[in-house]
Structure formats: C-alpha cells, structure tokens
1. Taking the Cβ of each residue in A:Trp387, A:Trp482, C:Trp15 as the centre, tally the other Cβ atoms inside 10 Å and list the residues starting with the fewest.
2. Using a 10 angstrom Cβ neighbour count of at most 12 plus a DSSP loop assignment to flag exposed GluC sites (Glu not before Pro), which longest range of chain B is free of such sites?
3. With an 8 Å Cα cut-off and a minimum separation of 6 or more residues, compute the relative contact order for chain B in percent.
4. Compare B:Val293, B:Val34, B:Val127 in a GNM of chain B, Cα atoms joined below 10 Å, and give the one with the largest fluctuation.
5. Run through the DSSP bridge list for chain B and note the antiparallel percent, rounded to the nearest 5.
6. Of B:Lys229/B:Lys358; A:Lys157/B:Lys320; A:Lys323/A:Lys472; B:Lys287/C:Lys123, which sit over 27 Å apart, Cα to Cα?
7. Can you give the % of DSSP beta bridges in the protein assembly as shown that are antiparallel, to the nearest 5?
8. Any lysines with Cα under 21 Å of the A:Lys316 Cα? List them, leaving off those in the same chain fewer than 8 positions away.
Amino acid sequence: MTEPLVYEISSPGRHALRMPEVDVPKAPLPEGLIREDLPLPELSEIDVVRHFVRLSQLNHGVDTGFYPLGSCTMKYNPKLNEDTARLPGFAFTHPLQDPETAQGTLALMYSLQEWLSEIGGFAAVSLQPAAGAHGELTGILIIRAYHKDRGDEKRTKILVPDSAHGTNPATTTMSGMEVIEIPSDERGNIDLDSLRGHCDESVAGLMLTNPNTLGLFEEQVREVIELIHGCGGLIYGDGANMNALLGVVRPGDLGFDVLQYNLHKTFSTPHGGGGPGSGPVGVAEHLVDFLPTPLVDVVEEGDEVLPPLYGFVTPKKSIGRVKSFHGHFGVAVKAYTYLRLLGKKGLREVADFSVLNANYLRVRMRDVYHIPYDRVCMHEFVAEGRWEDAPDIHALDIAKRLMDYGFHPPTNYFPLIVREALMIEPTETESLETLDAFVKAMLEIAEQARSDPELLKTAPHKTTFGRMDEVKAARQLVLCCWPVERDES
Amino acid sequence: MAYVPHTESDRRAMLAEIGLERMDDLYDAIPKEVRFPDLDLPDPISEMEITREMLTLSEANLEVQHVPCFLGAGAYNHFIPSIIDHILLRNEFYTAYTPYQPEISQGTLQAIFEYQSLMCNLTGMEVSNASHYDGATALAEAVILALNQHRGKRHKVLLSPTIHPHYRQVVRTYTQGMGLTIVGDESLDTSSAMLAEMIDGETTLVAVQYPDFLGRIEDLSSLGEAANKAGALFCVVVNPLALGLLRPPSEFGADIVVGDGQPLGIPLSYGGPYVGIFTTRQQYVRKMSGRLVGETVDSRGQRGYVLTLTPREQHIRRDKATSNICTNQGLMALATAVYLSIVGKQGLREVAELCYHKAHYAAEKIDALDHYSLWHRGPFFHEFVVSCPKPVAEINNQLLDYDILGGYDLGQEYPALADHMLIAVTEIISKEDINDLVTVLEEVSHD
Amino acid sequence: MEFPTDLKYTNNDEWVRVEGDIATVGITDYAQDQLSDLVFVEVTAEVGEKLERDATVAEVESVKAAAFIYMPVAGTIIETNVELYDEPEIINADPYGAAWMFKFEIANPVELDELLDATAYEKYCQEREH
Ligand SMILES: Cc1ncc(COP(=O)(O)O)c(C=O)c1O
C-alpha cells in the first residue's frame, strides 16, 4: 500500500506539460553558467495526478474526521474561504504594483486590521507575521525596542511560565533576551510567589498564554499583569488560544500589551498540513510606533462619493520588516471571509460552543482519565494518559489506538508539566454525536488498557501504516532521494 | 451561524451534564468587569452576500491575468499548471495539521520528503528542510545557522547590496538582539570581488543573490572559495526557476542555498503565502532550523516517513533551540513539488529558456530606443535594468493607461538608481506584449 | 538500574570516575533510560580547553529529547570519546563503560567533595520518579 516516490515512477523522455514555442529570436546562452544536468523527474500528467491523489488519501484531515488536537484549534475550514482567496483579483495581484491599483486588497487588509484590533482590544494590528511563532518574535522584538527607546537598557529578561509552548522560550532566545522560567501552582495558574520573586527592573516582560496550555483561564490574571506592569515590564500574550475568548474578553482590556493571533487556528483559514499560517500582532497604544513595516492605513479620507484611499505606512520607530512584501495576504482573505460570515454574534458562538464542547468532554471522561487540574476549562483541557493499574501504557499508546476508531489523537506530551499529557480540543464545529462517539472510544480504550494492553501497545491496527521506527529514521538519516539512475551509476 | 451544529436541546443536555445552568456560567474565572464586551463589528452576512462583496472588492484591483506584467523584483507572474490547484484543494492535504502522527499523515510526510528531494536536486545541495516562511526569513535563518556553527564567536555578516532589499531588511530585524555587524551592502558598487576582500576571521556568513536583485548572473566560485578559505559560510539566495537553466550554487561552493519558491507554481497573491527554500550541506543538518522529514520503516516493514531530528526544535529544546519556527509553509511546499513534478526535467528548462529569450529580446528592443538604455551589459536571466528618461513612477502611470503593468522603480531602494526601471519578463509575456511595451515606452519618452 | 559505588555523581545525571588527578565523565544509567534511544552525541568542547564547573562540554540527543553534559568540576579537557559519534547506542548499552564521553585534568580537587555518592544519587533518582 505504499506509494512510490516521484523519482521512482519517472521514466526518461516522458513529458507532461507542453510549453509554447519560443516566439522571439533566441539569444545566445551565457558561457560557463549553464547547468549540465537537471535531475528532476519525468512524468505524464496522469502519473502526477494519481501520485498526489494517492498521497492525499494517506492523510487524516478535519474533513476526514474528528481532529481534537489540543492547542491547534482544528475546526471546520469553510470551503468558501478557499473560493474567495482564489478570486483572480486577489490571487493575481502583484505585491509591488502601485497601491492605488490594489485598493480592494488594501481595503480588505485595513478592515481585517481593524476587526482584529477590536476583537483583541488593541490600538493597532499588523498583518505581517507569517505564523504564530513569527508573531511572537515580532511582539518580543517590539517589547525590546520599547524599552531601548526609553533608554531602559537593563531589561534583558523575559519571564515564561513552565506550561508555555516551546515557541515562547525559543522566541525569547532569538530576540537576544534571557528566559526565566516561572513554575505553575497546584491549580494550574502561574505561581504568584515565584513570579513576585523575579519582578525587578531587569524584567522586559512576561509571555502569558491565556487561557493557558492547560486550557484554564488564569484566575489571577489581574494580579499577574499588575505585578509585571508594576516592575516596568510588559505583557506579551500568546494568542494561540483566542478561540475561547472571542466576544468573551479582550486581552487588551485585561492589560495585555501585545498579542499574536493565529489565523490558521482561531479564524479557520486551514492549517494546510503544516502551514501557511498567519500570525498578526496586536498592540496597545504605547507600542503602535514599533510595529513592523508596512501597515495599511487611510492616506486620504473618503467622502460621500469617494471611498477612502488606502496606502502603506511605516510606523515611526518600527522594529523593521519581518517578512518580504505584505504578510500572508492569501490567508488574510480567508480570515476576512470567515469573520464577515460570523459577524459579532457568530464570534461569541465560537467561544461558547468551543468551551461547552471541551467541558462536556472533560466531564464525560473524568471518571476514567485523571484530569490533574479539574475545574471548568475553556476551549480545551489536559488529561493524563496513564493508570497505576496499567503500568506499561503511555499516552502515546492511547493516541495510536484512537486511530483505529477513525479519530485523530489529541496532542501528546504537551504541556510538559502534565505527565503523559493528552491535550484535547474539540472546537465548536463538532456535534454532540461526534463527542459522544469519541468519549465511547476513550472509555473503551481505557478498559482495553487493563484487559488487553498489547492491543494498545501495537496500535494502530486498522490504518494503512503501523508505528514508524523513529530511532532508525534518526540514526540512519535518509533525508532525500535522487533520480533512480543516479543510484545505478 | 458559526458552523456550529448544536441544536437547542443538545446545548441544554450538555450544560446539564456539566452541571451548569447557563452558558455564561462557563466564564466564571474571567474578571466580571471586562467580561462580554460589546464589540464594534459588522453583523453577520450570508455566504451569498459575501461572495458578492468579495467579488466587488477583488475587482477593484488590477490583476495580472488581464494586463501584461513586467513587474518582478522577487515575485513573478509565471504560468501555473491547472493540476496544482486540484491537488492543493484535496481536503486531506489542506485540512490536516503538521504531521505529528505519522501513521495517518503519510501523505503530507511523503510529499514533504519529495519536496526536500526536489529542492536538493535543483540546488545541488545535500539536505533541505521542510520550508521556511519565505525567501527573506530563510536568509535570516541562514545567518543564525552560521552564528551557531561558529558558536557565537564570529559576529560579522557580509550581505551583497544586490540581495533583495526586503531580505536584507528582514535579516536586520531578526538579528537586532544578537549583537551582529552586518555590512557589505552600503553601496551598490560593491562587486562580489570586493565582497571577497571584505571577508575576515570575524566573518560568519557571506551572502549573495543569484540571479541578483538586478537580474544579473555571474560565476560565484571565487567568492565561494574566498569565504571557505576564511572559514566563513557561503550562502546563495536563488530564484529556483532560474536553476532550470543555470548552474546550481553547489558548484560555486555554497554552504547554504535559500530562496523563495514562489516562481514554482505559486500565485502572486499580493505577496504571500509563498515558501522559503532552505538547503545546505549534510554536515550542517543538526544546525539547520525547521522541520525535517526522514525515511524509515513501519512496524509492518513498509517504507514510511517521519519528522526526524526533532530535538533541534523549539518544542523539545525550548530556550536552547536556534529557531522558534513551528508552523511553516507546508501546502506551498506541496505546490512547488507538484509544479516540479508536472513540468519535470524538460519543462523546467523550457520555462527558464522562454524567460531568458524573451527577456533578452525585450532588453535589446528597449536598448535600441533613443531615450532608454540598458544599465548593465553582462549576462542576465529574466530581469534587467533600464535607465529611463524620466521618473519611473510617471512612466508606469502612463503604461497603465495602455493596460501594461510596468517594472519596478529602483530609486525606491537604491538612490543611485533613480529613474531606473527593473523589468521582468516571464514565459507568460508574448512577443506582442513586448512590442507593445517598447512602443509605449518610446511614446511616453517624448512628453 | 545500576549505581556503581566507585563513582561520583552530579545533579545533572553525569557520573565521574576519579583516578589520580584525572576524571572521566559519562551519563548515568538513569539518564540513558530517561532519554531512551540515543541517536546523536557531540562533544562540543575541545581538547586542551580549560573550563569552569558547569560549562557545557557535550550534547546528546535521543528521538524525543536533547540534553547537555556539563563539567562536574573545573578542569582541562584531555581526551574525548569520538567513537560515540558513530554509535551513540553504546550509551544505552554500556553507560558506565564504553560510553565515557570525555576526560579532564581536575583543576581543584576539593570541588570533588561536593559531588554525590552512589547512595545519595540513587535517592535523588527515586525522588524524581514520583
Ligand atoms: C500555544 C501555542 N503557541 C504558539 C504556537 C506557535 O504557532 P505557529 O505554529 O503558528 O508558529 C502554537 C502552535 O503550535 C501554540 O499551540
């Protein structure tokens, strides 16, 4: 059932696409600069189509089945998004054409900036960053620039809770600042005492994920923010979990200074099997001048007859450019489409039903799976995938067995502060029937863990592929293939 | 309608199971004073209305399917074979997440493995990652790789002035907290021979673009040699489509090859999403950032693919990771893999040659005009610089009246090149389009 | 799990064998078990390099984790075990023997007193199991 590689189905001399004849006189090719060999495959169109269609069939996507992958917000991706992003007037505009000839595009970007600002409670939003982690880097560089601009050079530390996603500490290191890890307390909140101990004038800021990666709203968020602001630091919000907060609370109103949105999560733009994402960054008033360049703004006000004229501007103290051109415009179109369809009312429904679904699963599972921080959660929760009376079973075995039921497993081994973590995020677009079927599978698996642990250890059984040998992959690195004839020579 | 399937009775039953009375009770942990803001957002509209609205918005734009596009400067209007979108719209590809569970993600994993292979073969390098955000961020990551290779002991980065201005800006943004000295790009006159002379024991990376931002191509071997001799890494920023014709940078001693994959089947889409190519030598694989797919076998003895060498990455190494990248450009990488598969060995060469010949035809015709001349006489690929009799913005406005999208105004980024236009010619441009351009250029030079 | 009594240990799961003024360092049985299958080792410090206590000397990777190995006490590196590069699995098979990682000349022998003995280290490992 394995699919051969493109190079293995290649046949010398085969040719798919026909290009037109050269309609101009040929120019001599430059000497010494022309390559001898171009080792690319040679296929017919039907070869290529079948190859990639077969590959696609080896994947599980949201459209295939339930995908409760915690922290990733794998909600339904409206087909409409795909259509609007492909409208020729969007898909075939050049990023450097005169903005006056791209007013539709700029108007869309401007509205999206405004809507995201309103949703998060911020003064301005940049659509430049390409993904969540890229937004984090942008935001942390903004914080760094803010302190430097005030001549406050000693602020070199960023506090990061131990429950944070790996991108948070990695981002801090990239920014040239130092990570100070803050432990969590027994309710899953940031440990306030420890935090207090670190609050001094070397603190540039705190990276706060709220709801945190346990799916819990920080109960003392006000105190945390006051402490940090009190010592002169700023609050960076990791907005990967914004799904739970839409129309419910605005991070800006809580005192967050900067936050990234993940359009490929919260705003349904799909995840594309690993991108492209989009990670717009929102900032409070005092940070607007530091946003990356360029921003879309109204450069000439409109009136009753004429629409406003949009253009690009560079914020006064901008950290610079984080990406070529203008961010992931194609992804922005999808988020815009989604927001337009939902409107204010729909946004609140997203939060409500994602939180309802998560709590329903939590309550239905909690008698069988230990939930270390068991209180009303937001859009996701974390269970432990281990039992004392099934000592050999790990979260990974449960995850693999779930595949036999046609479900994508939850996130494993994150957050690091929960042993054998299973992080479950159902999203709002899943029905009660789906949730019940998932619970049923989880309960059956818990029974099998005791009655027939081998069934879990050797899972999955019903998928096309079994467990992969990751040790072999890492020890005997094979990272690419070459044209088949090269192997023979 | 938020694509929520719950009926009223589902909702009530679920709340009862949770033991809450009202939906609002779900939010007790949130400070009351800020709960449930009244958002100033538009009301929802129907799919039918959105379709109309989006059509109207999109039609307010000038788009390159209807006018010949001579604008390039890092984003190119190439022909996109129909098959690509049909594959990208396979929902098993686009509605999946990063392939964390290999048993049910072999489609994505094998596609990435093939992407990595195609990129290695195209650039002549030994390993490729699963992609970066774009060409600019890939270059920034190349700088970071070099820094780590030298264990932070070398602090100077040499950038050629004819690397795409955005790329150089992004490198500076990324590294602003790293204490680097970035030099080499102060003056447009700095040739690669002069760059070679600037390399010293402090230099961690030397980067050039090929073809350069102004379209020029040259043999970079001596620069590569100079870099290697001084122990600095040598990075070449490429246009991957040009490599259908040109010698791969591996032949110039490149340690790292980066570039933007947009020319390989990705629509212009006003600047993104594209895909950042990153290939390097095997010896640097553990210093390379980003995801990586490797071949292995499954428990049933079948060949399969997994994400490998993951301990390099942020989710394991956290603050010790050299990059924070997580989500990359998966679907766009797939687009380029499909593109290279469908055009294949012969097709890519044909596309590159079409671009080459048409660009040279255009350059010759424009150079023959009275008030225009080629700024550079050496070899170039599909983009060239023309010195114009008046401001480029003015000429471009006039070209637009004739439904022609003119070239890039170089004065914006290079003061020395005020009144110089960078013209790109791809295979989509016909001989008539070129002749029209030449006629109009001639005409507008008079007034 | 083995905890040889002739060795000294650190809180970072390194073992130290002291012979005269030379110390040999590797990672413990407990550490290899936690990391699972090792796939990569690199001694990043160079022979001749003089290092303070806690300076980074080597790096190991399994399929699911990365770990750094530090100087247990100050000293000068005199030898590194490059054999491990090709066969990192030796660390899983023989952590206290063939899988030694580096040797150094001890700068300040009194620092050795601060290392753990086998009993104390075993207790430290047990504590972390809960
Ligand atoms: C909590 C959290 N923060 C940050 C990120 C990084 O986002 P991205 O993958 O878009 O870079 C993720 C995504 O995995 C996340 O779950």
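1. The most exposed by this proxy come first: A:Trp482, A:Trp387, C:Trp15.
2. For GluC sites (Glu not before Pro) (loop position, at most 12 other Cβ atoms within 10 Å), the longest site-free span of chain B is B:187-447.
3. Value for chain B: 20 percent.
4. For chain B, modelled as a Gaussian network with Cα springs under 10 Å, the answer is B:Val34.
5. 55 percent
6. In this structure, B:Lys229/B:Lys358; A:Lys323/A:Lys472; B:Lys287/C:Lys123 exceed 27 Å between Cα atoms.
7. If we restrict to bridges inside the protein assembly as shown, about 70 percent are antiparallel.
8. A:Lys148
No lab work stands behind these numbers, since they all come straight from the coordinates. Bear in mind that the values here come from a model prediction, so they are computed numbers and not experimental data. We place every Cβ from the backbone using ideal geometry, glycine too, and count neighbours over all the protein chains shown.
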